[in-house]
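The values are calculated or read from the model by the stated rules, or taken from the named source; none is laboratory data. Nothing here was measured: the structure is a model prediction, and the numbers come from that model. Here Cβ is always computed from backbone atoms with ideal geometry, including for glycine, and neighbour counts include all displayed protein chains. When the accessible area is computed, the model is the full protein with side chains, heavy atoms only, and any ligands, DNA or RNA have been set aside. Shrake-Rupley method; radii C 1.70, N 1.55, O 1.52, S 1.80 Å.
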Amino acid sequence: MKSRKKLLSLSAAVVLSLTLAGQSLAATAAFTDLDQVAAKDKIISLQSQGLVSGVSNGLFQPNATLSAAQGIQLIVKALGMNLDAIRFVKAPQATDYFAKAKNDAWYSQSFIIAANNGLKLSADLDPDQKWTKATFTKELLLALDGHNILHMIKIPVIEIKDKAEIALDDLGSVQAAIYKEIATLDADGNFHPKAEITRAEAAEMIFNTLKYVHPTPHQPSSPSSNDTPRDGSSQPMIPVGGQTDQVGQTVYENTQYGFRFTLPDSWKRYTIVTDKWEGLSIGDAQGDKVIESGAKLSIRHPEWTAEQPRQDIPILVFTVDQWNELQQDKFHIGAAPMGPSELTRNGKYVFALPARYNFAYPDGYQEVEDILKSNPIQPMIPVGGQTGQVGQTVYENTQYGFRFTLPDSWKRYTIVTDKWEGLSIGDAQGDKVIESGAKLSIRHPEWTAEQPRQDIPILVFTVDQWNELQQDKFHIGAAPIGPSELTRNDKYVFALPARYNFAYPDGYQEVEDILKSNPIQPMK
């Protein structure tokens with residue numbers, strides 16, 4: 001395919017020497033202004049690793065506020081981001097990505113690295129802008145966990161007294177950071193999201209992040225064992241589609257889009273993480289704008305954990321028309337200088353591998369490369385998914401057996417797959433997960449991470465589970481009321497979570513109106 005940047009044998013490692021030494025001041029001199037700082041030992045430890053620098057010889061200025069340039073460089077250095085796997089047609093400049101940056105500034109190289117490693121930074125970012133505590137937390141967690149924070153781990157209810165001051169787009173990152181003990185609340189339970197973050201506070205969060213990523217022996221990297229479901233699988237996602245087994249292999253079948261993926265038998269208890277790809281406009285004077293989107297399905301190894309991630313097998317799903325437009329450079333995906341590569345297709349969809357999907361080389365990346373060399377994906381005729389009538393779109397789920405009718409404006413919806421957990425009641429040891437099941441959220445096509453919209457969440461219970469929930473044998477979440485039944489078939493009950501729209505995001509009224517129209521019907 002054509003791409004915006006034709007590749008040449010010019011290594012980014014040659015183009016850029018990764019000498020992020022701060023504001024070109026020596027970081028070896030001992031800081032003399034940390035005596036009254038609680039995080040003194042953490043800052044000194046980061047300094048010894050070359051991860052933080054002073055603002056002048058021997059001064060760290062712990063109480064000074066952190067600028068965007070300082071924050072980006074701190075994240076890039078601490079997480080070891082680089083450009084080793086990228087080749088450029090010319091030496092990249094910071095202004096290629098950020099209009100207000102300077103190409104000869106001390107931060108310019110870290111800006112280039114950040115832009116090419118998936119950080120969702122605005123093109124009009126001001127390097128001198130002071131970052132708030134919420135902003136730094138969001139960027140740090142996105143860099144650490146990618147863009148699926150709430151889908152990757154099960155976060156228990158965290159009481160934040162000033163939660164109302166946290167922007168909806170930042171809330172997931174803040175909750176995840178507190179849960180992972182990267183960030184903390186004050187003695188009164190407040191986070192102070194709008195306060196400008198100090199250099200000392202940011203450094204302490206970086207130290208805590210590295211401790212989370214690289215725990216010491218016998219030191220768990222997460223404060224809770226809630227990341228592990230009751231059935232013993234490695235993380236809280238559930239398979240969508242079907243799984244069939246043959247001797248020595250496991251086959252994942254996706255009947256919604258129509259493909260079959262053959263895996264080694266060691267992947268038998270895989271899970272599917274459902275996300276969304278976004279196609280951005282090219283040459284838009286206002287900056288990149290989302291003009292296309294579709295499903296991203298990642299097959300996850302059963303040994304994957306939040307503490308020790310493994311390489312996923314990501315599959316981007318395009319309609320044939322979308323794929324043709326991508327080849328014609330009518331939109332682009334991500335910052336990589338090349339586009340996705342086709343794996344296979346059927347009459348309706350093209351299945352593709354994202355560019356640079358394994359750029360971080362996590363555990364298991366070589367095994368995934370070997371799997372992909374074996375031509376593991378084969379097309380099938382789609383039998384589920386989306387059907388349409390005039391003025392409406394119908395989502396059919398053949399795995400659990402229901403049909404959901406949507407307005408035609410939802411035609412290009414995506415499905416986000418998660419898990420509900422049923423907690424014990426009256427357990428002396430505290431809440432314990434004793435039941436679990438699927439949570440399927442229908443997501444509006446205009447949903448973005450920057451501007452979320454109201455999902456339509458559907459909890460899936462077996463009939464026995466539903467009956468036990470009505471008998472108060474377990475509870476779900478902290479809401480004082482339980483889920484409400486939408487419909488059922490012979491095997492499953494489909495229910496709406498309590499207080500599903502408590503944050504009142506954009507589109508919540510539309511979802512309420514849809515739900516009033518009795519949109520869900522059982523299928524046999």
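Some observations on this one:
- Residue count for segment 479-495, restricted to those that are open to solvent by 20 Å² or more (accessible area, probe 1.4 Å) and among the aliphatic types (A, V, I, L, M): 3
- Against the criterion of being at pLDDT 90 or above and surrounded by fewer than 21 Cβ atoms within 10 Å (Cβ to Cβ), Ala203 does not qualify.
- Note on segment 187-200: residues that are in contact (Cβ under 8 Å) with a residue 40 or more places away in the chain, under 17 Å from Ile160 (Cβ atoms) and open to solvent by 20 Å² or more (accessible area, probe 1.4 Å) total 3.
- Being at pLDDT 75 or above, open to solvent by 50 Å² or more (accessible area, probe 1.4 Å), out of contact with any strand residue (DSSP E or B) (no Cβ under 9 Å at 6 or more places or on another chain) and not basic (Lys, Arg) holds for only one residue in Thr184, Thr209, and it is Thr184.
- Filtered residues of segment 172-196 (kept if closer than 12 Å to Thr137 by Cβ and small (Gly, Ala, Ser)): Gly172, Ser173, Ala176, Ala177, Ala183, Ala195
- Of the set (1) under 18 Å from Lys276 (Cα atoms); (2) out of contact with any Ser or Thr (no Cβ under 7 Å at 6 or more places or on another chain); (3) among the small types (Gly, Ala, Ser); (4) crowded, with 17+ Cβ neighbours inside 10 Å, all apply to Gly364 but (1).
- If the condition is being touching a residue at least 60 places away in the same chain (Cβ under 8 Å) and either open to solvent by less than 10 Å² (accessible area, probe 1.4 Å) or in a loop (DSSP other than H, G, I, E, B) (or both), then segment 255-271 contributes Thr255, Gln256, Tyr257, Gly258, Phe259, Phe261, Leu263.
- Within segment 307-331, the set of residues being surrounded by 20 or more Cβ atoms within 10 Å (Cβ to Cβ) and either in contact with a helix residue (DSSP H, G or I) (Cβ under 6 Å, 6 or more places away or on another chain) or free of Cβ contacts under 8 Å to residues at least 12 places away in the same chain (or both) comprises Gln311, Ile313.
- If you go through segment 383-415 and keep only what is hydrophobic (A, V, I, L, M, F, W, C) and either modelled with pLDDT of 75 or more or open to solvent by less than 30 Å² (accessible area, probe 1.4 Å) (or both), you end up with Val394, Phe402, Phe404, Leu406, Trp410, Ile415.
- Residue check, Leu59 on the phi < 0 side of the Ramachandran plot and buried (at least 21 other Cβ atoms within 10 Å of the Cβ): no
- Any hit, segment 281-291, residues being under 30 Å from Tyr97 (Cβ atoms) and crowded, with 21+ Cβ neighbours inside 10 Å: no
- Among residues of segment 56-100, those that are touching a Gly at 6+ places or on another chain (Cβ under 7 Å) and modelled with pLDDT under 75, counted: 0
- When Glu342 is tested against (1) part of a strand (DSSP E or B); (2) crowded, with 16+ Cβ neighbours inside 10 Å, just one condition goes unmet, and that condition is (2).
- Neighbours by Cβ (under 7 Å, 6+ apart or cross-chain): first from segment 365-376, within 14 Å of His301 (Cβ to Cβ) and among the acidic types (Asp, Glu); second surrounded by fewer than 16 Cβ atoms within 10 Å (Cβ to Cβ) and modelled with pLDDT under 90: none
- Residues (over 20 Å from the mean Cα position of the chain (by Cα) and either open to solvent by 50 Å² or more (accessible area, probe 1.4 Å) or basic (Lys, Arg) (or both)) located in segment 435-478: Thr462, Asp464, Asn467, Glu468, Gln470, Gln471, Asp472, Lys473, His475, Ala478
- Restricted to segment 98-116, and to residues there that are in contact (Cβ under 8 Å) with a residue 40 or more places away in the chain and open to solvent by 20 Å² or more (accessible area, probe 1.4 Å), the residue that is nearest to the chain's Cα centre (by Cα) is Gln109.
- Search result, residues across segment 506-524 that are part of a loop (DSSP other than H, G, I, E, B), over 27 Å from the mean Cα position of the chain (by Cα) and not charged (D, E, K, R): Ser517, Asn518, Pro519, Met523
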